[in-house]
Amino acid sequence: ARFEAGTPAIAQSIGLGAAVDYLMNIGMDRIHAYEKELAYYLRRRLCEVDGVKVLGPNEDVPTAALVSFVCDYVHASDLSTFLDMEGVAVRAGHHCCQPLHKAVGHSHSARASLYIYNNKEDIDKFIEHLQDTLSFFGSLEGDNDGDGSDEEFVPFI
């Protein structure tokens, strides 16, 4: 490194140190417990949504604060695009695990991820937007329950 051209990543190193201090002040055990609580809540709420299949282990198996899922009649990429227009960010695609997707019979999935800056209200808002988006796509497939609720959902601004 002594003869490398350019300036060392000084600002990034200082930033990393500040981030480590921040996390250590909160406490990694507290962060882990909070993520576990959020993960359980997210999984439970997703399981309540019609047309959503949660991928992964059962609720009683400890997981990270993320949940992969697939939806009936909506490709994960379309779902993520429409949720993004509502201010909700999810990942869509293979997530670098094509063999696992193949094993569970899906070519893709969506993934919602949480961290210490999220809370249960964020999850509830995500579920609300997810249900609105699924209702919209369901109306295109003729699967809407006929209540007209999709008429109020305008994903494009």
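The values are calculated or read from the model by the stated rules, or taken from the named source; none is laboratory data. Given the structure is predicted, the values throughout are model-derived calculations rather than measurements. FYI the Cβ positions are ideal-geometry reconstructions off the backbone, even for glycines, and counts take in every protein chain you see. Just the protein is used for accessible areas: all its heavy atoms, side chains included, with ligands, DNA and RNA removed. Shrake-Rupley method; radii C 1.70, N 1.55, O 1.52, S 1.80 Å.
Below is a table of values for the structure above.
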{"item": "Cβ-Cβ under 6 Å pairs, at least 6 apart or on other chains, segment 9-31 side modelled with pLDDT of 95 or more, far side not in a helix (DSSP H, G or I)", "result": "31/116"}
{"item": "Selected residue (criterion: modelled with the lowest pLDDT) from residues of segment 42-69 that are open to solvent by 20 Å² or more (accessible area, probe 1.4 Å) and among the hydrophobic types (A, V, I, L, M, F, W, C)", "result": "61"}
{"item": "Residue satisfying condition, being hydroxyl-bearing (Ser, Thr, Tyr) and open to solvent by less than 20 Å² (accessible area, probe 1.4 Å), within set 109, 113", "result": "109"}
{"item": "Meets criteria (open to solvent by less than 90 Å² (accessible area, probe 1.4 Å), over 15 Å from the mean Cα position of the chain (by Cα) and on the phi < 0 side of the Ramachandran plot) for residue 18", "result": "yes"}
{"item": "Qualifying position, being among the small types (Gly, Ala, Ser) and farther than 25 Å from residue 125 by Cα, among 80, 13, 109", "result": "13"}
{"item": "The one condition in (1) closer than 30 Å to residue 27 by Cα; (2) touching a helix residue (DSSP H, G or I) at 6+ places or on another chain (Cβ under 6 Å); (3) polar (S, T, N, Q) that residue 135 fails to fulfil", "result": "(1)"}
{"item": "Verdict on residue 39 being more than 20 Å from residue 120 (Cα to Cα), in a helix (DSSP H, G or I) and either open to solvent by 90 Å² or more (accessible area, probe 1.4 Å) or aliphatic (A, V, I, L, M) (or both)", "result": "no"}
{"item": "Any hit, segment 87-96, residues being under 21 Å from residue 138 (Cβ atoms), of a type outside the set (S, T, N, Q), part of a helix (DSSP H, G or I) and open to solvent by 30 Å² or more (accessible area, probe 1.4 Å)", "result": "no"}
{"item": "Segment 70-86 - residue that is assigned to a loop (DSSP other than H, G, I, E, B) and not hydroxyl-bearing (Ser, Thr, Tyr) and, of those, farthest from residue 134 (Cα to Cα)", "result": "86"}
{"item": "Filter result for residue 100 (part of a helix (DSSP H, G or I) and over 12 Å from the mean Cα position of the chain (by Cα))", "result": "yes"}
{"item": "Within segment 71-82, considering residues that are surrounded by 15 or more Cβ atoms within 10 Å (Cβ to Cβ) and closer than 12 Å to residue 111 by Cα, the one farthest from the chain's Cα centre (by Cα)", "result": "71"}
{"item": "Criterion: hydroxyl-bearing (Ser, Thr, Tyr), within 20 Å of residue 128 (Cα to Cα) and in contact (Cβ under 8 Å) with a residue 60 or more places away in the chain - qualifying residue of 41, 34", "result": "41"}
